[in-house]
């Protein structure tokens, strides 16, 4: 590494030697984290709504224990900030809905409303408009216990399950995570259960009216919602009864081998409650499997005052293992290394060979690919499949692996959307009118193409011999047409423009875009302008809602690595900006080879739900250092 435009303190020999040492230490740390079966999995950290809703679900089903409650309450309390609030991500703004749910869970756990920490939390909720201003999903949880009126939450008719795919806003117009959540909610919203919470939280009411729709479409759907509520008050007729049964069958058919639904929290908890309302007892085989699987997503640790219990919204072993393989290959580990081969063998066993909901829009595409989780055969995803193929290509090319790679590539090619980009789980899932529905006030509900997924696919296809093909050319065209005016790219699944730009630049360059192309130069200038004074890069998650935060935030290991990956691909790996970034990684590395990163840099729903992938802080710096040091093949 040379340092053109060098300044004092960035001597080539010192920095290269330090970076080599840092990389070796990081690789050793990553190898130490591999499980015996070959996989890696870092914790997937989110926010306390997971823990609050876990207690509420257990109360609803009648399976909550004192031990669980006390341990979860300790965790929830430990995450409260000085001002009394809870946030959706580290150091983020107060979130009134998250704070309200945490408050209700702590009341359930026995905390007095007069306790100082509860008074502070109540003040936060009331200052933001009270329960009346919380998101729809919070009010649905309240309605389950009679704290909110079902008539005051959006209607969700179960007849939705009968709508053909050509009718707008049918189930398959929603992203896979949304459709699996909506289906059980139609049962709950129709049968309107009211179970005892044991406490009252009227102190969280402000007395103000619930905010109403402001757009033309929003007002139109609000009128439709009024009509649906009137229809819902009619006695349950044969069609509605049949719709409830059909929806229950739809839900049960999509339960995964581990008992989950989609491997994620929202459809899981709502499906358990919906089936229970329909008469499924907690010891029914479907319910028992669901509750047992939920335990695998629960982390219990010893805290200063006793056990603390927290819930993961999801788990990411396939994703983490694929990224680890890519990182180790970038660091110079050769095919045949025992860790690489164990990981490859494990990934081979995780290939999905059955059809899922994705086949509704691509019936002619053969199954293939990989999912995010241990068990999610119904929903392989395109991003994971791209990274798994890239990872497997770093290992010995056995016959079985080559065949799996071929199937994965063919499935990804079949999932390209008509505009040339790729979404995460479905093709052409982009009907934005869905956001005007009254219950869609929290999170993404559709799965349109994104820059980061499209970039990962293009990088994989080019490395797999598909450079110059029509699919790659259309994907490159999609990326170029979606560059932001400032030169960056929006990051759908990672925070945010640093992630998008860090994914797209390497993909464009490997696909043949010259490094002196205007699009690449604009991206480089954007990264240089947004480098922090300490040499690193960071972008606060508020950038999804507030443009003033785009490219701004505390430096983190993962985001600094993403910027370095882009600069290296653009031919800037030996210039000052990259040298300062490498130096930041060297200076901030822990003694064990990892990095501290309390900041959340993963995205579930832009603007609403975020993730701290605990392995990001390790795998991406390894990739970045490996490429900057020219270890990557």
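Listed residues 626, 602, 607, 573; which is crowded, with 19+ Cβ neighbours inside 10 Å, in the same structural domain as residue 558 (by TED's automatic domain parsing), in contact (Cβ under 8 Å) with a residue 60 or more places away in the chain and within 26 Å of the chain's Cα centre (by Cα)? I'd like the intermediate steps shown before the answer.
Details: 626 fails: within 26 Å of the chain's Cα centre (by Cα); 607 fails: crowded, with 19+ Cβ neighbours inside 10 Å; 573 fails: within 26 Å of the chain's Cα centre (by Cα).
When all the criteria are applied, what remains is 602.
Among the listed residues 539, 572, identify the single one that is within 28 Å of residue 48 (Cα to Cα) and touching a helix residue (DSSP H, G or I) at 6+ places or on another chain (Cβ under 6 Å).
539
Do you know which residues across region 161-171 are surrounded by fewer than 19 Cβ atoms within 10 Å (Cβ to Cβ) and at pLDDT 90 or above?
Within region 161-171, the first condition is being surrounded by fewer than 19 Cβ atoms within 10 Å (Cβ to Cβ), and the residues that meet it are 162-170.
Within region 161-171, 162, 163, 164, 170 meet the criteria.
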Only one of (1) modelled with pLDDT under 95; (2) more than 19 Å from residue 526 (Cα to Cα) does not apply to residue 573, and that is (2)
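Could you list, in sequence order, the residues of region 576-594 that are farther than 19 Å from residue 531 by Cα and either outside the structural domain of residue 629 (by TED's automatic domain parsing) or touching a residue at least 40 places away in the same chain (Cβ under 8 Å) (or both)? Working first, answer last.
Going through region 576-594, the residues farther than 19 Å from residue 531 by Cα turn out to be 590-594.
Within region 576-594, 592, 593, 594 meet the criteria.
Quick one: in region 414-451, which of the residues that are in a helix (DSSP H, G or I) and surrounded by 18 or more Cβ atoms within 10 Å (Cβ to Cβ) is modelled with the lowest pLDDT?
First pass over region 414-451, keeping only residues in a helix (DSSP H, G or I): 414, 432-436, 451.
Subset that is surrounded by 18 or more Cβ atoms within 10 Å (Cβ to Cβ): 414, 434, 451.
Values: 414: 98, 434: 80, 451: 98.
The selected residue is 434.
For the structure I just gave you, tell me whether residue 348 is over 28 Å from residue 259 (Cβ atoms) and modelled with pLDDT of 95 or more. If you could, list the steps in order and put the result at the bottom.
Numbers: over 28 Å from residue 259 (Cβ atoms): no; modelled with pLDDT of 95 or more: yes.
No, not satisfied.
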For residues in region 86-126 being assigned to a helix (DSSP H, G or I) and free of Cβ contacts under 8 Å to residues at least 24 places away in the same chain, which is surrounded by the fewest Cβ atoms within 10 Å (Cβ to Cβ)?
-> 116
In region 127-155, the residues that are in a loop (DSSP other than H, G, I, E, B) and either surrounded by fewer than 18 Cβ atoms within 10 Å (Cβ to Cβ) or without any contact (Cβ under 8 Å) to a residue 40 or more places away in the chain (or both) = 128, 129, 134, 146, 148, 149
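Can we say residue 104 is out of contact with any helix residue (DSSP H, G or I) (no Cβ under 6 Å at 6 or more places or on another chain) and modelled with pLDDT of 95 or more? Before the answer, list the steps.
Values: out of contact with any helix residue (DSSP H, G or I) (no Cβ under 6 Å at 6 or more places or on another chain): yes; modelled with pLDDT of 95 or more: yes.
So residue 104 fits the description; yes.
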Of (1) in contact with a strand residue (DSSP E or B) (Cβ under 9 Å, 6 or more places away or on another chain); (2) buried (at least 24 other Cβ atoms within 10 Å of the Cβ); (3) not in a loop (DSSP other than H, G, I, E, B), residue 612 satisfies all except one. Which?
-> (2)
Sort out which residues of region 260-289 are free of Cβ contacts under 8 Å to residues at least 60 places away in the same chain and under 21 Å from the mean Cα position of the chain (by Cα), and write them in order of number.
-> 268
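The values are calculated or read from the model by the stated rules, or taken from the named source; none is laboratory data. These numbers were taken from a predicted model, which means no experiment stands behind them. Quick reminder, even Gly has a Cβ in these numbers, built from the backbone with ideal geometry, and neighbours come from all protein chains shown.
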